[in-house]
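These notes are about the structure you will find just below.
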Amino acid sequence: MSQPRCPPLQVHIELPPSDQCRPVVEHLHKIGEIIWLGATRDGRFRLSVNTTAGDIETMWTNLKNVAVVREKEAENEEMEEEEEPVDDSSWHLVPLPSKVLHKWLSSQVLQNYVIIGKSQSLS
């Protein structure tokens with residue numbers, strides 16, 4: 001059995017505890033249909049909603065930028081590609097339906113810390 005081939009991650013951080021994220025997502029879920037997840041390589045994470053009345057966001061700082069262990073084959077391919085320098089403070093954003101994020105966080109009862117990652121778009 002093999003794992004699906006995934007592109008290299010642009011950013012991967014350890015999320016704040018789910019008991020901190022859950023109330024924020026519950027509140028944002030009532031306000032908008034799309035919640036934007038944002039992360040930077042320097043350890044910032046935010047949840048936000050854009051509405052006609054204004055934008056609402058909550059941000060966490062000083063999160064761990066964890067190392068992701070990859071298979072040797074993927075590492076060799078990555079080393080062959082030339083990478084452009086990336087600003088650690090640049091935001092990487094992902095929109096998610098609020099009901100999906102709300103349901104997922106509600107299921108995170110036993111697991112307090114989760115690592116998320118955002119990959120580059122495939123060309």
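Here are some notes:
- Residues located in segment 40-59, provided they are on the phi > 0 side of the Ramachandran plot and at pLDDT below 90: G43
- Test result for K64, under 14 Å from the mean Cα position of the chain (by Cα) and open to solvent by 70 Å² or more (accessible area, probe 1.4 Å): yes
- Being within 14 Å of the chain's Cα centre (by Cα), at pLDDT below 60 and within 21 Å of V11 (Cβ to Cβ) is a description that does not apply to V94.
The values are calculated or read from the model by the stated rules, or taken from the named source; none is laboratory data. The structure presented is a predicted model; accordingly, all values stated were derived computationally and were not measured. Glycine gets a Cβ as well: all are built from the backbone with ideal geometry, and neighbour counts include every protein chain shown. Ligands, DNA and RNA are excluded from the accessible area calculation, which covers all protein heavy atoms including side chains. Shrake-Rupley method; radii C 1.70, N 1.55, O 1.52, S 1.80 Å.
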